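Structure, as structure tokens:
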Amino acid sequence: MIQVGDVLEAVGDAEVVRRGAEQFGRASVDTREITGGELFVAIPGPTRDGHDFAAAAVRAGATGVLISRALADVPGLEALDATVIRVPDTLIALQDASARARRRSSASVVAVTGSAGKTTAKTLIAQVLQAKFEILANKASFNNHLGVPLTLTQIEPAHTQVISEIGTNHPGEIGHLAGLVGPDVSVVTNVGFAHLGNFADQQALADEKTDIFNHTRPGGTWIINGDDELLTRTTLGLPGAAAATVVRVGFNEGNDLRAVDVTVDEHGTRGLIEVDGQSLPFSIGAAGRHFGYAAMLAVAVGRVYDLAPSESIEALRGVQPPAGRASLRRIDDRLLMIDDSYNGSPDAMISSLDLLDSLPGAVKVAVLGQMGELGEFSHELHSRVGRKAAVGVTHLITVGEAAAPLRESAAADGLPAADIHSADSAREAFAQVKSILDDAGPDRDAVVLAKGSRAVHMERVYLGLAGHQVVCALTTCPLYINCADCPKLTTG
């Protein structure tokens, strides 16, 4: 919850324009999510200004409004009954007040960041901790300048653990957000190449990711992917490393938790986790060797809170991945779909191609959308993914002009040119997949992977194969949603 006092203490020149409710169940910036008792925060934006929706939020049930305009300049708000607080900047006020609300709570906070796998790790950590504790975890991937503070305002007195995912695409963001969160336990999944175009080099990206540890409680626990040499070296070189408890997980020897004998099929991932002198079998419903890292990270967090590794592993049994993250969907007896359409970065694409390669099938189609925010590294990183695709696919389809180096690299590494295609949109790519499957005939066993940046909406490939039709004509979409949740989706 968030209180009027949180805002007043966090923002020196905050003014209560009209008093009513003194505390609110949470903060919200979206009138569509108002259920009653919220503090609506009017965030100005380049195309939409939250002040224009403040009155609608109150009519929907919000009992407080945070504004930066004069009350008379907020349409319709003067005539409504709600607490109104005026501040110079509503976003800064939300962030600072959320940090105040977090520090008012006695809950222990786990923060998760990394180039890839953040949301999956957060989901598995929550799965483990909720077996014993009253937890709060950010919904979806609420991991940015808005999502993190909005999550913190939802902390209730009953919550004993909070899991907060923290993302970044520019230098300094992790430090700022981790400063709001004030974690007791921090987790870094890896240092890859996502958003590399906004950083000087990969070391700068490693410095950004590991900055989370600089904002972790002194003497707290740092949990990392110990197979990532750059991450490990950067972490151990931080000033607070000697005083922290550093836990390393991975597949290689020397880690504190180690996964061995890992196998993957369409039903999930299984193997053994070696920890505390034990060798414990684990099984999760998510398919992919990279999910082994998320499982180990979750077990490591459980150990911090005195959950026996066997208890954590049992809590993970059969867990499914978040939607659009390596979700395996059986279309028919001969066709399996890997819906990994949520987003696409070089590291995540390579992991997805590993999964495609590991699954049985005579026909393996990879539909890969262009990757964004790679800057001067774009050509090199698309080429790297193309070389990987040449190893385990029979057909490659790319979406978007920036993916040209991916096709060229796959061809240079031996994938026949006749089996390499390009498309301007995911809808066009679906038509090409359909043609490839039709040419292969009904007796083929086929696996199709769809992955790419969110704006390309690669889920349209899965939706098409599943019998749905997306009638939206946009090649890219400004809405950060899955097409399955859009009214433009039709069935049949």
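Laid out as a table, the results:
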read-out: Computed helical MRE - 222 nm, the chain, DSSP H runs ≥ 4 contributing -39500 (n - 2.57), nearest 500; value: -9500 deg cm²/dmol
read-out: By average C-beta atoms within 10 angstrom, highest first, the peptides 286-296, 124-134; value: 286-296, 124-134
read-out: Dipole magnitude of the stretch 118-265, debye to nearest 20 (Cβ charges: Lys/Arg +1, Asp/Glu -1, about Cα centre); value: 300
read-out: Beta bridge orientation in the stretch 2-96: antiparallel %, DSSP, nearest 5; value: 40
read-out: Cβ-Cβ FRET estimate between Arg19 and Asp49, R0 fixed at 25 Å, reported to 0.05; value: 0.50
read-out: Shape category assigned to the chain from the gyration tensor of Cα positions, a/c cut at 1.5; value: oblate
read-out: Three-way shape call for the stretch 2-96 based on the alpha-carbon gyration tensor, with the a/c threshold at 1.5; value: rounded
read-out: Anisotropy class of the stretch 34-74 from Cα gyration tensor, a/c 1.5 cut; value: prolate
read-out: Label-to-label distance, nm, for residues given as Asp357 and Asp201 (7 Å Cα→Cβ offset); value: 2.8
read-out: Bridge type composition, the chain - antiparallel percent by DSSP, nearest 5; value: 35
read-out: Simple label model, 7 Å out from Cα along Cβ direction - Ala411 to Asp443, nm; value: 3.3
read-out: Candidate lysines for bridging to Lys434, where Cα separation is under 19 Å - those fewer than 8 sequence places away on the same chain excluded; value: Lys364, Lys451
read-out: Segment Glu78-Asp332, length gained on full extension (0.36 nm per residue, minus Cα span); value: 85.6 nm
read-out: Sequence of Ile67, Ile163 once ranked by neighbouring C-beta atoms within 10 Å, starting from the fewest; value: Ile67, Ile163
read-out: Compactness relative to 2.2 N^0.38 Å, alpha carbon Rg of the stretch 24-183; value: 1.07
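Since every read-out is calculated from the coordinates, none of them should be taken as a lab result. In this text, all values refer to a predicted model and were calculated from it rather than measured experimentally. Because the Cβ atoms are built from the backbone with ideal geometry, glycine has one as well, and the counts that use them run over all protein chains shown.
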